[in-house]
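The values are calculated or read from the model by the stated rules, or taken from the named source; none is laboratory data. Keep in mind that this is a model prediction, so the values were computed, not measured. In this analysis, Cβ positions are derived from the backbone assuming ideal geometry, glycine residues included, and neighbour counts consider all displayed protein chains.
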Amino acid sequence: MAQRKLSYKDATKKKEVREFLFSLFADLQLRKIVGLAGPDINDYLKFCKSKGYEEFEIWENHIPTLMKQIRELRTSKVELKYGNILNTSEDRHNILFDLDYCVTVRHMHDHIKKFKDKFIMTFARRVKDEETISSFFSIRGESILWKLDKETPLLHTIYKSTGGKYIFINYRDTSNMCCIAKIN
């Protein structure tokens, strides 16, 4: 099992990727995030608030991380939930699902199936990108229609599938990671 990262405060690439991906949802004027804040909950909430988000449902299934979040949380406008984020309701509107997993797609079948729209999923890249992409779309029951590699503002790939449009981007801070965002 992957060791949990204690802090993302110095993860500059992660922050650049997050900035880019969140910008893809800016025109939708979403106000709520359901997600996984990780160990630096105040930094996470500060970033999300700077992007216009006002409501937060934060899930955590690792008790030491949850306890750290509770101790450090500086606002009461957050609904903290202990457990698997699979227990959240996906059938809600005007929500961005920010799902930062620390494992590969091999272990996330239920999560990949559950979340349909307006999400960012972050996975570990301990498998080849081709396996990540093919597994992701296969699990969702979608076929890739076309893909387009883009160099700006960050190197990324746009995928159009039978289920919509996605962005795939990879990065490395302390470990190799990738994100897949469903943008429509």
Does the range 125-135 include one or more residues that are surrounded by 14 or more Cβ atoms within 10 Å (Cβ to Cβ), modelled with pLDDT of 95 or more and of a type in the set (S, T, N, Q)? yes
Among the numbered conditions (1) closer than 17 Å to PHE22 by Cα; (2) modelled with pLDDT of 95 or more; (3) out of contact with any strand residue (DSSP E or B) (no Cβ under 8 Å at 6 or more places or on another chain), tell me where SER138 comes up short. (1)
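How many residues does the range 136-184 hold that are assigned to a strand (DSSP E or B) and either touching a Pro at 6+ places or on another chain (Cβ under 6 Å) or on the phi > 0 side of the Ramachandran plot (or both)? Explain how you work it out, then say what you get.
Of the range 136-184, the ones assigned to a strand (DSSP E or B) are 144-150, 156-161, 164-172, 176-182.
Now narrow it down to the ones that are either touching a Pro at 6+ places or on another chain (Cβ under 6 Å) or on the phi > 0 side of the Ramachandran plot (or both): 164.
Qualifying residue count for the region: 1.
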The one condition in (1) modelled with pLDDT under 95; (2) closer than 16 Å to ASP117 by Cα that MET1 fails to fulfil: (2)
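Return the residues of the range 122-158 that are of a type in the set (Gly, Ala, Ser) and within 18 Å of ASP100 (Cα to Cα); say none if nothing qualifies.
Just the residues of the range 122-158 that are of a type in the set (Gly, Ala, Ser), to begin with: 124, 134-135, 138, 141, 143.
Passing the criteria: ALA124, SER135.
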Please determine, by comparing only the residues of the range 159-173 that are in contact with a Leu (Cβ under 7 Å, 6 or more places away or on another chain) and over 21 Å from TYR101 (Cα atoms), which one is surrounded by the fewest Cβ atoms within 10 Å (Cβ to Cβ). THR162
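Give the residue, chosen from ILE63, ILE33, that is farther than 20 Å from ILE169 by Cα and touching a residue at least 40 places away in the same chain (Cβ under 8 Å).
Working: ILE63 fails: touching a residue at least 40 places away in the same chain (Cβ under 8 Å).
Within the list ILE63, ILE33, the selection yields ILE33.
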